[in-house]
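Presented below is the structure to which this report refers.
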Amino acid sequence: MATLASEFEVECPCCGGTLVVDSNLRRVISHQEAQREDTPSLDAAQQILADEKSRRDALFARSVAAEKGRGDVLSKRFDEALERAKDEPLERPVRDFDLD
């Protein structure tokens, strides 16, 4: 793909793509991505979208159930703390200037 004498092709060590570098400009002129083997085909797109939709719906249903139960858990914790507070004797808090 390199057309000028100052251009040369280099394989990217990260992605495996092909880079065309101009030595005079000291810049990358073009980049071509490497072909991936795990690229989904267009025929499988409908199935992928349906799977993602069901996954999102399941996550949403789980979060709704957790929110519904959250109020019960918080009220239970509040009741327990209230019971503990009733059992503890009332004491006047110690302030810094009371220690002098």
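What follows draws every value from the coordinates through simple rules; no lab data is involved. Because the structure is a prediction, the values reported are computed rather than measured. Note that we place each Cβ from the backbone using ideal geometry, even for glycine, and neighbour counts take in every protein chain shown.
Being assigned to a strand (DSSP E or B) and among the polar types (S, T, N, Q) is the filter here; which residues of the stretch 1-24 pass it?
Taking the stretch 1-24 as the starting set, the residues that turn out to be assigned to a strand (DSSP E or B) are 7-11, 18-22.
Of everything in the stretch 1-24, just one residue is assigned to a strand (DSSP E or B) and among the polar types (S, T, N, Q), namely T18.
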Within the stretch 25-76, residues being touching a residue at least 12 places away in the same chain (Cβ under 8 Å) and not in a loop (DSSP other than H, G, I, E, B) number 4
